[in-house]
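**Q** Before I ask anything, let me first share the structure, which is written out below as structure tokens.
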Amino acid sequence: MSPPPIEFELRRRTLLVGTAAAALGAGVGRSVGAQTDNGTAPAGPETTDITVTVNGTPQDMTVDNRVTLLDALREHLHLTGTKKGCDHGQCGACTCTVNGSRINSCLSLAVMHDGDEVETIEGLGTPDQMEPMQAAFVEHDGFQCGYCTPGQISSARKVIEEIRAGIPSHVTADLTAEIAMTDAEIRERMSGNICRCGAYSNILAAITQVAEEQT
């Protein structure tokens, strides 16, 4: 005579619990076996020596392996033009360029960029001799509080280059034709740079002017 279903269910649960406990015990055993004689797990080096060329100047740094490129620029090199906004890669305030491509520096570890060339807002121009995009942002009042402006300018310069290089975006309709410098293309490519003051129309005007002047 077959055992009642309730007894079968209990035995099945017992089997599952026992299997899980055995797996957990095996994992703990491996973990303990991996420990050193003094009871601590072996660890690799906590810091790394790197050399990064920043705005044309080689910079030697010893950084914690967990430090982001953003924090290395701000805390080690004191280049505070690159801003820390959300620290999650969502606002674009930390945008700079690495080897000619724009990145969110808060999402990239500094140790990944040994030997790379980094350009920040400090390497573009000065108040007395502004780079064209910087001058256009001033002319069109493309900023209010200014916190996001370094990232906006760094992105804007690369947006023009990306369109001219034929790199498509989400709104590019014809992948076989030359990409036009339209408002929709610029807006889509700049969508990762958030302006909480809402100066988007002025930013668009500044980018359009620079693109037309460079034609």
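**Q** When residues of segment 72-85 are filtered for being part of a helix (DSSP H, G or I) and either open to solvent by 50 Å² or more (accessible area, probe 1.4 Å) or over 17 Å from PRO58 (Cα atoms) (or both), how many remain?
**A** 3
**Q** What single numbered condition from (1) farther than 30 Å from GLU46 by Cβ; (2) open to solvent by 30 Å² or more (accessible area, probe 1.4 Å); (3) modelled with pLDDT of 95 or more fails to hold for THR176?
**A** It fails just one condition, (3).
**Q** Test GLU178 against the stated conditions and say whether it is of a type outside the set (Val, Ile, Thr), without any contact (Cβ under 8 Å) to a residue 40 or more places away in the chain and touching a Gly at 6+ places or on another chain (Cβ under 9 Å).
**A** The answer is yes for GLU178.
**Q** Of the conditions (1) over 27 Å from THR80 (Cα atoms); (2) in a helix (DSSP H, G or I), VAL159 fails just one. Which one is it?
**A** Checking VAL159 against (1) over 27 Å from THR80 (Cα atoms); (2) in a helix (DSSP H, G or I), the one that fails is (1).
**Q** Based on what the data block shows, is ASP128 out of contact with any helix residue (DSSP H, G or I) (no Cβ under 9 Å at 6 or more places or on another chain) and either closer than 26 Å to THR48 by Cβ or touching a residue at least 24 places away in the same chain (Cβ under 8 Å) (or both)?
**A** When the stated conditions are applied, ASP128 does not pass them.
**Q** If you scan segment 136-153, which residues turn out to be without any contact (Cβ under 8 Å) to a residue 40 or more places away in the chain and either open to solvent by less than 70 Å² (accessible area, probe 1.4 Å) or within 11 Å of TYR200 (Cα to Cα) (or both)?
**A** Across segment 136-153, the qualifying residues are GLY146, THR149, ILE153.
**Q** Among the hydroxyl-bearing types (Ser, Thr, Tyr), closer than 22 Å to ASP87 by Cβ and at pLDDT 95 or above - does that describe any residue in segment 189-202?
**A** Yes; the residues of segment 189-202 include at least one that is among the hydroxyl-bearing types (Ser, Thr, Tyr), closer than 22 Å to ASP87 by Cβ and at pLDDT 95 or above.
**Q** Can you say whether ARG196 is open to solvent by 40 Å² or more (accessible area, probe 1.4 Å) and in contact with a Cys (Cβ under 8 Å, 6 or more places away or on another chain), as far as the supplied structure shows?
**A** yes
**Q** Also, I was wondering about something else. If you check ILE194, ILE186, which single one turns out to be closer than 23 Å to GLU131 by Cα, under 25 Å from the mean Cα position of the chain (by Cα), of a type in the set (Val, Ile, Thr) and not in a helix (DSSP H, G or I)?
**A** Going through ILE194, ILE186 in turn, the sole match is ILE194.
**Q** Also: Please state which of the following conditions MET133 fails to meet, knowing it meets all the rest: (1) open to solvent by less than 10 Å² (accessible area, probe 1.4 Å); (2) of a type outside the set (Val, Ile, Thr); (3) outside any loop (DSSP other than H, G, I, E, B); (4) closer than 26 Å to THR51 by Cα.
**A** Here MET133 meets the rest and fails (4).
**Q** Within 18 Å of VAL159 (Cβ to Cβ), at pLDDT 95 or above and either surrounded by fewer than 16 Cβ atoms within 10 Å (Cβ to Cβ) or not aromatic (Phe, Trp, Tyr) (or both): does that describe ARG102?
**A** Criteria met by ARG102.
**Q** Quick check on segment 115-130. Is at least one of its residues surrounded by 14 or more Cβ atoms within 10 Å (Cβ to Cβ), β-branched (Val, Ile, Thr) and in a helix (DSSP H, G or I)?
**A** Yes.
**Q** Then there's this: Being outside any loop (DSSP other than H, G, I, E, B), among the β-branched types (Val, Ile, Thr) and in contact with a helix residue (DSSP H, G or I) (Cβ under 7 Å, 6 or more places away or on another chain) is the filter; apply it to segment 55-71 and report the residue that is farthest from GLY146 (Cα to Cα).
**A** VAL63
The values are calculated or read from the model by the stated rules, or taken from the named source; none is laboratory data. If you're wondering where the values come from, they're calculated on a predicted model, not measured in any experiment. Please note: Cβ atoms are built from the backbone with ideal geometry, for glycine as well, and neighbour counts cover all protein chains shown. Areas reflect the complete protein model, heavy atoms only, side chains present, ligands, DNA and RNA absent. Shrake-Rupley method; radii C 1.70, N 1.55, O 1.52, S 1.80 Å.
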